[in-house]
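Asks: One structure, as structure tokens, below. Some questions next.
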Amino acid sequence: MKRFWNNFVKYRFLLSQLTEKDIKLKYRNSYLGIIWTLLEPLLTMIVLTLVFSRLLGKDTQDFPVYILTGRLIFAFYQNATKQALRSVRSHAAMIKKVYVPKYMYPLSAVLSNYVTFLISLVALVGVAVVRNVRPTLWLFQAFAPLLIILGLALGSGLILSAAAVFFRDLEYLWGVATMIIMYASAIFYRVEDVFSESNRWIFTLNPVYACIDNFRSAVFGSPMNLNATIYSAAMAVGLTLIGCIFFYRNQDKFILHI
Amino acid sequence: MADTSLIVNNVSVRYRLTEEKVDNLKEYVIKLVKRDLRYKDFLALDDVSFELKKGDRLAVMGKNGAGKSTLMKVVAGVLKPSSGNVTCCGNVAPLLELGAGFDMQYSGAENIWLYGAMLGYSKAFIKSRYDEIVEFADLGAFINSPVKNYSSGMRARLGFALATVVEPDILILDEVLSVGDAAFKKKSEQKIMSMFDKGTTVLFVSHSETQVKNLCTKGILLDHGKIVFSGTAKETAEEYSKINGK
């Protein structure tokens, strides 16, 4: 454990370099640069609001805020896991040449997406002000879902990055899986509008939805769902633990397959 | 012992791979169901042991596929041996395929930070040596353009400058003494020679007998993952030419 920690300290500069690289390169050569982190969720929010408020016939004042909260959290989970999944294989050239703790690659992929996610929350503040959603003391709860979703992304990312070394088609399978998670996250509809009471159990199983739901509670000023918080926190810790063990057990074999 | 620099102790590397390369889930499941997953064992290194003292310069010779590069990867810590162990006293600088780890989108300057971090340098260290690296690589204005626009020689120069800015205790040279144009070649050779003088332990992979005779003190000859000969550099070079002569 001590050796592990010393190694982490030695390579912590690498972690910040890799994270910085991901963020920098994402917006390099684009005219608006980092502003895209704000613009992109806003544009999708506008589209989703237009489509779904018409479709469901309810355009409440705060619906854009509702959509944006869900979309931002889900997009973070989706992008972070997708990039983590590729991370080990995309750094194949380096892994073959220089010894580096290999978990740095999925970890930096998740962290760089987390940083852009946190920046994009500025867009949420803007929309909340325009749509007159006032902050309350409940807002302080937001740290819980924001932390839990990071754990969920990291755990999934570690498992995916290690498994993707051996199975290249995992990327497509995971694409389908994230789509299912998206529909089970109630991003652009309200659960009670679409699903009958007997079918809502699906949502209680989805830890990403638990984070979205709790984050919405914090933003709109109501207490968190305690069961959902405990469940998603347990999932985050469990996935991260499984991810660490799975990654650790397999990392020495990576070099033979990449 | 205080002056021991590198101990390679009964190192074996065994690959266990599927006979046909299966790298996706679909094929894996199909083959699993059809019970068609055959594995074959491949011994890349077979019980290799040697010990180097500080300042020793070891030539590693052998035919293609004899396990030279595998041995270098094990010493560099990139590949974990299936059995046995490697003990290095001090830091290892691998000069393998210079610049292979660069990020193509990043500029040369940015890559100095990234690649430096990858080699385990600290931020303060890179900061203090930054000018030295830039000067040695001698890329002029190119230092600020993306590495994808570099020629392979320029890439190698930057890689060489980065890998050698640290004073390594163990240096791994995998046929890289021919980097860049004539002027840079001279410069890099001088740099390596100055490291030799400082008593750096060197592992040198080469096919050139003259280079081995000139640069190294000891030698081992690998064949099919085994050490078939070990002795002085001169003896090893002669043994190597004997094998090839046959």
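Asks: So which of B:Lys54/B:Lys234; A:Lys96/B:Lys40; A:Lys253/B:Lys186; A:Lys24/B:Lys31; B:Lys31/B:Lys80 end up more than 31 Å apart, counting from Cα to Cα?
Replies: Working: B:Lys54/B:Lys234 20 Å; A:Lys96/B:Lys40 22 Å; A:Lys253/B:Lys186 39 Å; A:Lys24/B:Lys31 42 Å; B:Lys31/B:Lys80 28 Å.
The pairs that break the limit, which is 31 Å between Cα atoms, are A:Lys253/B:Lys186; A:Lys24/B:Lys31.
Asks: Another question about this same structure. Would you pull out the residues with amide H under 5 Å of B:Val48's amide H, same chain only if 5 or more places away, H placed 1.01 Å from N?
Replies: For B:Val48, the qualifying residues are B:Val11, B:Ser12.
Asks: Please list, in chain and number order, the residues 5+ apart from B:Asp223 or on another chain whose amide H is under 5 Å from its amide H, with Hs placed from the backbone.
Replies: Correct list: B:Val228.
Asks: Helix A:36-56 versus the longest principal axis of chain A: what angle, 0 to 90°, nearest 10, using Cα atoms?
Replies: Between helix and principal axis, roughly 40 degrees.
Asks: When the dipole is taken about the Cα centre of segment A:2-257, and only Lys, Arg (+1) and Asp, Glu (-1) are charged at their Cβ, what size is it in debye, to the nearest 20?
Replies: Taking the Cα centre of segment A:2-257 as origin, the dipole is about 1080 debye.
Asks: Another question, if that's okay. For the pair A and B, how large is the buried accessible area, both sides, in square angstrom to the nearest 100, if the probe is 1.4 Å? Don't jump to the answer; show the numbers that get you there.
Replies: Details: alone 14150 and 13370 Å², together 24640 Å².
It comes to approximately 2900 Å² buried between A and B.
Asks: Could you go through segment A:165-176 in sequence order and give the Karplus-derived ³J(HN,Hα) for each residue, using 6.51 cos²θ - 1.76 cosθ + 1.60 with θ = phi - 60°, rounded to whole Hz, and x for Gly and Pro?
Replies: These are the phi-based 3J(HN,Hα) values: 5, 8, 10, 6, 7, 4, 4, 6, 4, 5, x, 5 Hz.
Asks: Hey, another quick one. Rounded to the nearest percent, how much of the accessible area of segment A:108-187 (1.4 Å probe, protein heavy atoms only) is carbon and sulfur? Walk me through the numbers on the way to the answer.
Replies: Values: 2840 of 3510 Å².
Using a 1.4 Å probe with all protein chains present, segment A:108-187 comes out at 81 percent carbon and sulfur.
Asks: Considering only protein heavy atoms, with the full assembly of protein chains and a 1.4 angstrom probe, order A:Tyr209, A:Tyr99 by accessible area, largest first. Intermediate values should be presented prior to the final figure.
Replies: Working: A:Tyr209 30, A:Tyr99 85 Å².
Result, largest first: A:Tyr99, A:Tyr209.
Asks: In terms of solvent-accessible area of protein heavy atoms at a 1.4 angstrom probe, what is the ranking of B:Val13, B:Val92, highest value first? Show your work: numbers first, answer last.
Replies: Numbers: B:Val13 5, B:Val92 45 Å².
Ranked list, largest accessible area first: B:Val92, B:Val13.
Asks: How large is the accessible surface per residue of segment B:1-113, computed with a 1.4 Å probe and reported in Å² as a whole number?
Replies: On the way: 5640 Å² over 113 residues.
Ligands and nucleic acids excluded, the result is 50 Å² per residue.
Asks: Ok, one more. Whole number in Å², please: accessible area per residue of chain A, 1.4 Å probe, ligands, DNA and RNA not counted.
Replies: On the way: 12700 Å² over 258 residues.
Value for chain A: 49 Å² per residue.
Asks: Which value in nm describes the separation of the simple spin-label points at A:Lys24 and B:Lys31, placed 7 Å from the Cα toward the beta carbon?
Replies: It works out to 4.1 nm between the two label points.
Asks: Using alpha-carbon positions, what is the distance between the centroids of segment A:126-141 and segment B:16-35, in Å?
Replies: After rounding, the separation between the Cα centres reads 53 Å.
Asks: Per residue in segment A:1-30, which ones lose no less than 20 Å² of accessible surface when going from chain alone to all protein chains (1.4 Å probe)?
Replies: A:Lys10, A:Tyr11, A:Phe13, A:Leu14, A:Gln17, A:Lys21, A:Lys24, A:Leu25, A:Arg28
Asks: Can you find, among A:Ala163, B:Gly120, B:Asn64, the residue sitting farthest towards the positive end of the charge dipole of the protein assembly as shown, where Lys and Arg contribute +1 and Asp and Glu -1 at Cβ?
Replies: So the residue we want is A:Ala163.
Asks: Going by accessible area, probe 1.4 Å, with all protein chains left in place, what is the ranking of A:Arg12, A:Arg71, largest first? If you can, show how the numbers build up before the last one.
Replies: On the way: A:Arg12 140, A:Arg71 40 Å².
In descending accessible area the options line up as A:Arg12, A:Arg71.
Asks: Compute the Cα gyration tensor for segment A:123-258, then decide on rounded, prolate or oblate, letting a ≥ b ≥ c be the square roots of its eigenvalues: rounded whenever a/c is under 1.5, prolate when a/b is larger than b/c in the other cases, and oblate in all that remain. Walk me through the intermediate numbers first.
Replies: On the way: a/c = 2.22, a/b = 1.89, b/c = 1.17.
Note, shape of segment A:123-258 comes out prolate.
Asks: Distances longer than 20 Å among the Cα atoms of segment B:1-127: what percent of all pairs is that? Before the final figure, lay out the partial values.
Replies: Values: 4975 of 8001 pairs.
It works out to 62 percent of all Cα pairs.
Asks: Also: Between Rg and the Kirkwood Rh of segment A:2-257, both from Cα atoms, what is the Rg to Rh ratio?
Replies: Rg/Rh for segment A:2-257 comes to 0.99.
Asks: Report, to the nearest whole %, how much of the accessible area of segment B:85-174 belongs to carbon and sulfur atoms, 1.4 Å probe, protein only.
Replies: Numbers: 1750 of 3490 Å².
Exposed carbon and sulfur together represent 50 percent of the surface.
Asks: Classify chain B as rounded, prolate or oblate from the Cα gyration tensor: take a ≥ b ≥ c as the square roots of its eigenvalues, call it rounded if a/c is under 1.5, otherwise prolate when a/b beats b/c and oblate if not. Walk me through the numbers before you get to the answer.
Replies: Values: a/c = 1.83, a/b = 1.18, b/c = 1.55.
Taking the square roots of the gyration eigenvalues as a ≥ b ≥ c, chain B is oblate.
Asks: What is the helix-to-structure angle for A:226-250, meaning the angle in degrees between its Cα long axis and the longest Cα principal axis of chain A, kept from 0 to 90 and rounded to the nearest 10?
Replies: Around 20 degrees separate the two axes.
Asks: Using protein chains only and a probe of 1.4 angstrom, how many square angstrom of B:Thr4 are accessible, to the nearest 10?
Replies: Near enough 10 Å² of accessible area.
Asks: Return the carbon/sulfur percentage of the accessible area of segment A:47-90, one whole number, probe 1.4 Å, all protein chains in place. Write out the running numbers ahead of the final one.
Replies: Values: 1020 of 1910 Å².
Carbon and sulfur: 54 percent of the exposed surface of segment A:47-90.
Asks: Could you give the size of the charge dipole of chain B about its Cα centre, using +1 on the Cβ of each K and R and -1 on the Cβ of each D and E, expressed in debye and rounded to the nearest 20?
Replies: Numbers: 33 positive and 30 negative charges, 110 e Å.
In total the dipole reaches around 540 debye.
Asks: What are the residues whose amide H is under 5 Å from the amide H of B:Ser206, where those residues sit 5 or more places off or on another chain and H is modelled from the backbone?
Replies: Result for B:Ser206 returns B:Val60.
Asks: Turning to a different aspect of this structure: Identify the residues of segment B:25-53 with backbone N under 16 Å of a label point that sits 7 angstrom from the Cα of B:Thr18 along the Cα-to-Cβ direction, or state none.
Replies: It comes to B:25-41, nothing else.
Asks: Could you tell me what percent of the DSSP beta bridges with both partners in the protein assembly as shown are antiparallel, to the nearest 5?
Replies: Around 55 percent of the beta bridges assigned by DSSP in the protein assembly as shown are antiparallel ones.
Asks: Threshold 30 Å², probe 1.4 Å: give the residues of segment A:232-258, in number order, that are less accessible with all protein chains present than with their chain alone.
Replies: A:Asp252, A:Ile255, A:Leu256, A:His257
Asks: Show me the trypsin sites (Lys or Arg not before Pro) within segment B:1-91 that DSSP assigns to loop and that have at most 16 other Cβ atoms within 10 Å of their Cβ. Numbers along the way, then the final one.
Replies: Working: sites: B:Arg14, B:Arg16, B:Lys21, B:Lys26, B:Lys31, B:Lys34, B:Arg35, B:Arg38, B:Lys40, B:Lys53, B:Lys54, B:Arg57, B:Lys63, B:Lys68, B:Lys73; in loops: B:Lys21, B:Lys34, B:Arg35, B:Arg38, B:Lys54, B:Lys63.
Answer by residue number: B:Lys21, B:Lys34, B:Arg35, B:Arg38, B:Lys63.
Asks: Report, in degrees rounded to the nearest 10, the 0 to 90 angle that the Cα long axis of helix A:12-27 makes with the longest principal axis of chain A.
Replies: With both axes taken from Cα atoms, the answer is about 50 degrees.
Asks: For segment B:111-181, what does the alpha-carbon gyration tensor say about shape, rounded, prolate or oblate, given a ≥ b ≥ c as the root eigenvalues, a/c under 1.5 as rounded, and a/b over b/c as prolate? Could the numbers behind the result be given before it?
Replies: Working: a/c = 1.81, a/b = 1.10, b/c = 1.64.
Cα axes put segment B:111-181 in the oblate bin.
Asks: Which of A:Pro106, A:Pro64, A:Pro223 moves most in a GNM of chain A, Cα contacts under 10 Å?
Replies: So, out of A:Pro106, A:Pro64, A:Pro223, the one fluctuating most is A:Pro223.
Asks: Determine the dipole magnitude for the protein assembly as shown: charges of +1 sit on the beta-carbon of Lys and Arg, -1 on that of Asp and Glu, nothing else is charged, the reference point is the Cα centre, and the result goes in debye to the nearest 20. Could the numbers behind the result be given before it?
Replies: Values: 58 positive and 42 negative charges, 55 e Å.
Dipole of the protein assembly as shown, to the nearest 20 debye: 260 debye.
Asks: Can you list the residues of segment A:101-142 with backbone N under 14 Å from a point 7 Å past the Cα of A:Leu32, pointing along Cα to Cβ?
Replies: A:120, A:123-124
The values are calculated or read from the model by the stated rules, or taken from the named source; none is laboratory data. Note that the structure is a prediction, hence the values are computed from the model and not measured. As a convention, Cβ positions derive from the backbone with ideal geometry for all residues, glycine included, and neighbour counts pool all protein chains shown. Only protein heavy atoms, including side chains, enter the accessible area calculation; ligands, DNA and RNA are left aside. Shrake-Rupley method; radii C 1.70, N 1.55, O 1.52, S 1.80 Å.
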